[in-house]
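The next block holds one structure in the form of structure tokens; read it before the comments.
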Amino acid sequence: MRTLKNSFILLVISLLMFACQPNDIEIDLPEHEPRLSIFSQVIPDQVMLVTVTKSFNSLKPADDIKGDSALINQLMVSNAIVKVHFSGRTVVLHNSSPGIYISTSVLQVPNQQYTLEVLDPATGLTCSATSTMLEKVSFDDLKVKSEITSADTNHVLEYTISDVAGKDNYYLVTYTPLNKRAGARNNNPFLSVSPPQNNYQLLTDRLFTEGQHNGKLSLNAEAGDTLAVSLINISEEYYKYLVVYQKSGRVFNQLTGEPIDFPTNIKNGYGFFTTHNPDVRIINL
């Protein structure tokens, strides 16, 4: 009798669960319209770099995507016309490699507005953006401390920076390996198609005490490595953009995470056009 009762209860529960299952809903999504996606960096001494890619349909079947590297190469936009306007001048960036455009003639003028215009003749896609170059902020102090344990040696970057007075400020501290001890070729930390990865910290001056901040950043590095460490005074808009990327789990997530609503200052496109004058220090471990 007890077995029959238990079986009846399980049957009722199963029927209730089945009844609670929602019906399939057909969703008619509009066809994806590709747009240009922008990422920029400024390198000290009059160098500006802009990468140009195309967006793609993130709902495309996985079988059609042949891996991250192949996908990125496919989306790189070559032979685009990339211009930057500032101080009554127009500078045309040259295509150094697929999707990467560089100029050594863009002066770094604090509080100057820079306007980017991009045209892809192959597709007719265009986009534009405007950014103001903020004042350069330098490290007050920067050093690496090493902690030796029985299992490993941990390296920690310790730094001190002073706030720019008179307004709310936002900062980006990041490091990039220039070369590894194992003999890998040297890499320019700025010639990258993506924003900083997990080796960075975002700061707001609300964290500062009496206009100063002492910070620490764990280094994924070992003795013999060479690192480029930079401090960048960034806009509130770019700060919010990087915060969303940080929460997304991958900084360069716009290629594979299109449904996320990332902030952007690009008109008729994606990504972010930022201008800044970083303080870059080279550290040999």
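Rolling a 1.4 Å probe across the protein heavy atoms gives region 104-153 an accessible surface of 57 Å² per residue.
Taking each of Lys83/Lys167; Lys145/Lys240; Lys216/Lys240; Lys145/Lys167; Lys83/Lys136; Lys54/Lys167 in turn, the alpha-carbon distance tops 27 angstrom for Lys83/Lys167; Lys145/Lys240; Lys145/Lys167; Lys54/Lys167. In region 111-155, one over the average inverse separation of all distinct C-alpha pairs is 15.7 Å, which is the Kirkwood hydrodynamic radius. With 0.36 nm allotted per residue and the present C-alpha distance subtracted, the Ala151-Asn284 stretch has 45.6 nm of extension available.
The values are calculated or read from the model by the stated rules, or taken from the named source; none is laboratory data. Since the structure is predicted, the reported quantities are computational estimates derived from the model, not experimental observations. Heavy atoms of the whole protein, side chains included, go into the accessibility calculation; ligands, DNA and RNA do not. Shrake-Rupley method; radii C 1.70, N 1.55, O 1.52, S 1.80 Å.
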